[in-house]
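Bear in mind these aren't lab numbers, they're just calculated from the coordinates by the rules spelled out. Here the structure is a predicted model, which means the values were calculated and not measured. Here the Cβ is made from the backbone with ideal geometry for all residues, glycine too, and neighbour counts use every protein chain on show.
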């Protein structure tokens, strides 16, 4: 459904949001010419449209949740949704396990 500014027929993978949920599985095809132009956000004076491929930046204001929030194929490998702190703690624990013993009196080569 997020195809404005994108070639006809080229789909993108996004994280579900109010736009995708509101369409209830009827994603309107992949033809940018068939979609309405409705401003939902701005980057400075530049309007950002619903169904656009523009993703929110630090400078974007407006309904950011309704913009395209991209997810690559790897996003399908995430088995659960947890708070960011829990995800980061798990990453740190994995890194500590991997690096355990690699730093003693300086760095030693990792095999």
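Identify which of the listed values of Rg and Dmax of the Cα atoms in Å was calculated from the structure shown: [x] 18.5, 67; [y] 20.1, 64; [z] 14.7, 45.
[y]
Arrange the following residues from fewest to most other Cβ atoms within 10 Å of their Cβ: 2, 51.
Values: 2 27, 51 23.
With the fewest neighbours first, 2, 51 line up as 51, 2.
Assuming R0 = 30 Å, can you tell me the calculated FRET efficiency for the pair residue 58 and residue 38, based on Cβ-Cβ distance, to the nearest 0.05?
On the way: r = 23 Å, r/R0 = 0.77.
Using R0 = 30 Å, I get an efficiency of 0.85.
Using the basic label-point model (7 angstrom from Cα toward the beta carbon), what is the residue 93 to residue 12 distance in nanometres?
Spacing of the two 7 Å Cα→Cβ label points: 3.5 nm.
Along its three principal axes, how long is the stretch 18-73 when you only count alpha carbons? Whole Å, largest extent first please.
Taking the Cα atoms of the stretch 18-73, the three principal extents are 32, 26, 18 Å.
For residue 71 and residue 45, compute 0.36 nm times the residue count separating them, minus their Cα-Cα distance, and round to one decimal in nm. Write out the running numbers ahead of the final one.
Values: separation 26, 0.36 × 26 = 9.36 nm, distance 2.71 nm.
Difference between extended and current length: 6.6 nm.
Please determine, in degrees from 0 to 90 and to the nearest 10, the orientation of helix 84-99 with respect to the longest principal axis defined by the Cα atoms of the chain, where the helix direction is its Cα long axis.
Its long axis makes an angle of about 40 degrees.
Ranked highest first by average number of other Cβ atoms within 10 Å, how do 19-29, 90-100 line up?
19-29, 90-100
For residue 82 and residue 23, compute 0.36 nm times the residue count separating them, minus their Cα-Cα distance, and round to one decimal in nm.
Working it through step by step, the gained length comes to 18.7 nm.
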